[in-house]
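Single-structure report; data block below.
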Amino acid sequence: MSSAILYDGTAMLGRHLRRVRHAPAILVMTQTMPIVFLLFFGYVFGSALAMPGADYRAFLVPGMLVATAANGVMTGMFTAAQDAHRGVMDRFRTMPMSRAAVPLGQAAADLATTSVGLVPLVLVGLAMGWRIEGGAADACAAFGLLLLFRFATSWVGILLGLASRSEEAAGQLGSATFMLPLLSNAYLPTAGMPGWVRALAEWNPISAVATAVRELFGNAPVPHGAAWPVTHPLAGSLAWCAALLIGCAPLAVHRYARGGR
């Protein structure tokens, strides 16, 4: 059974990668927008948002990397809804393949393209003056955590895309996920936020992952007096990733197996 999932999932991975190759505009758009936002926040808002005693760009770049990883919700939702509502998944269900292979292949392809897409964002961050202050092992762990979070959010998007009523509805909901990084510590510390907003921001999975990535890169210490996922960022990040995967991956496979809509 596991070998069938691996074989069929690899075939679906290849299908999605060929799809990206034949429609590069979407990939270019999703990879260039984080760079545009990084430059915008770093240079246009940098002086106004600078934190006392800290380099704002050192704070911003890891947060932008995590915000990019969180975009797995949007891309996963749009791709799954497109396949579901254009009859592609109906054709796949008639084939003798594992039911887990189709969503798994999509999530794996998204992970592969994200791995490549993070490179230019990192290079732009380095050009802006951001530096990895921690050790090589910690830096590798930070990138691994980013990819794990992207994989988890992709499954959230796949589930929502399969549950959507139309491509248009999925596109509108996917656009709304743009607000998720804004309600976190990806761009600004939560210490200055109003009480209830701060609570929402600190329990946002993006905040835990952003804090963990900053700590692993050696860019910022763990804040005190915050919610548990932020004061224990690595454990909080892994817990959030596990919760998203356990909660969404089986449901996405089940939704696909019974017809998506």
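A short reminder: the numbers here are calculations on the coordinates, not readings from a lab. Bear in mind that the values here come from a model prediction, so they are computed numbers and not experimental data.
Could you state the angle between the C-alpha long axis of helix 167-176 and the longest principal axis of the C-alpha atoms of the chain, as a value from 0 to 90 degrees rounded to the nearest 10? Long axis of 167-176 versus the principal axis of the chain: about 10 degrees.
Over segment 126-261, Cα pairs under 8 Å with separation of 6+ residues give a relative contact order of 33 percent. I need to check one value: relative contact order of the chain, counting alpha carbon pairs closer than 8 Å and at least 6 residues apart, in percent. It comes to 27 percent, rounded to a whole number. Within the listed set P223, P62, P96, the Gaussian network model of the chain (springs between alpha-carbon atoms below 10 Å) gives the highest mean-square fluctuation for P96. Summary of the geometry: segment 62-128 and segment 180-194, compared by the centres of their Cα atoms, lie 26 Å apart.
Separation of segment 201-253 from segment 143-170 is 17 Å, based on Cα centroids. For the pair D138 and S166 in one chain, pulling the backbone fully straight at 0.36 nm per residue adds 5.9 nm over the alpha carbon distance.
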